[in-house]
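The structure under discussion appears below in the form of structure tokens.
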Amino acid sequence: MIPIKDINRSRNVPLVNFMLIFVCFLVWFYQVSLSEDEMNMFIYRYGLIPAEVFQRPYTLITHMFLHGSWLHIIGNMWFLWIFGDNVEDRLGRLNYLIFYTLSGLGAALLQTFVSFVAGGVDVPMVGASGAISGVLGAYLWLFPHARILALVPIFFFLTFMEVPAILFIGLWILIQILNGILTLPFAHGGGVAWFAHIGGFAVGYMLVKVFYRKRWYG
């Protein structure tokens with residue numbers, strides 16, 4: 001299923017969400033301005049390489065603003081655009097920024113642990129998907145019955161359909177878990193960081209309860 005929009009209007013302008021999207025695209029436009037060798041050097045310097053995380057701990061943050069392709073960044077930012085505004089609306093701007101960062105850190109730490117166990121410690125990880133997975137976890141807890149307009153495959157056709165968030169996000173996390181388990185033996189070769197998605201989602205789902213009850217607005 002591909003989300004088109006959520007039927008869940010925000011009460012306030014999601015300034016932090018806009019900022020996160022803007023910064024990710026700004027970094028991406030810088031990336032595509034580089035030559036292939038410069039791009040690789042940039043990714044290896046600011047991407048998260050599990051084997052070097054203790055030497056370069058700043059990459060636990062910087063990797064969230066790098067992406068690997070146009071499809072990668074557009075997909076991530078589309079999900080953040082759809083789901084992030086409502087989460088920011090409920091948590092408040094400062095809370096949302098801290099929450100987003102912690103979700104990304106949790107995602108990175110789980111993926112790093114899996115890399116040490118299953119292999120792939122020298123493969124750089126980039127992307128905001130771990131933090132965005134935390135946003136999805138928060139959205140599921142805050143708005144389980146919100147309606148998501150999605151493009152749904154039915155046999156050989158695609159059709160628009162409104163589905164509850166609990167179904168859409170529930171299926172999404174189930175797919176992440178299944179893919180994570182099935183691809184675990186091949187983790188040393190890189191690819192999608194499924195366990196970053198799982199870790200970010202779990203951290204987001206747990207943390208949102210704390211941030212929602214102790215929110216600061218601004």
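Pick from Asn8, Asn12, Asn17: which is within 30 Å of Arg147 (Cβ to Cβ) and under 17 Å from the mean Cα position of the chain (by Cα)?
Answer to the check: Asn17.
Report yes if Tyr139 is farther than 28 Å from Phe25 by Cα and among the aromatic types (Phe, Trp, Tyr), otherwise no.
No: the conditions fail for Tyr139.
Identify all residues within segment 107-127 that are buried (at least 24 other Cβ atoms within 10 Å of the Cβ) and either among the polar types (S, T, N, Q) or within 14 Å of Val203 (Cβ to Cβ) (or both); write none if there are none.
Those that are buried (at least 24 other Cβ atoms within 10 Å of the Cβ) and either among the polar types (S, T, N, Q) or within 14 Å of Val203 (Cβ to Cβ) (or both): Ala107, Ala108, Gln111, Ser115.
Condition (residue is closer than 21 Å to Ala107 by Cα, surrounded by 17 or more Cβ atoms within 10 Å (Cβ to Cβ) and either within 20 Å of the chain's Cα centre (by Cα) or not acidic (Asp, Glu) (or both)) applied to segment 150-167: is it met by at least one residue?
No, because not a single residue in segment 150-167 is closer than 21 Å to Ala107 by Cα, surrounded by 17 or more Cβ atoms within 10 Å (Cβ to Cβ) and either within 20 Å of the chain's Cα centre (by Cα) or not acidic (Asp, Glu) (or both).
Criterion first (within 19 Å of Pro124 (Cβ to Cβ), free of Cβ contacts under 8 Å to residues at least 12 places away in the same chain and not small (Gly, Ala, Ser)) does Arg56 satisfy it?
yes
Each reported figure results from applying straightforward, stated rules to the coordinates on display, with no laboratory input. This structure is a prediction, so every number in the text was calculated from the model and none was measured. We place every Cβ from the backbone using ideal geometry, glycine too, and count neighbours over all the protein chains shown.
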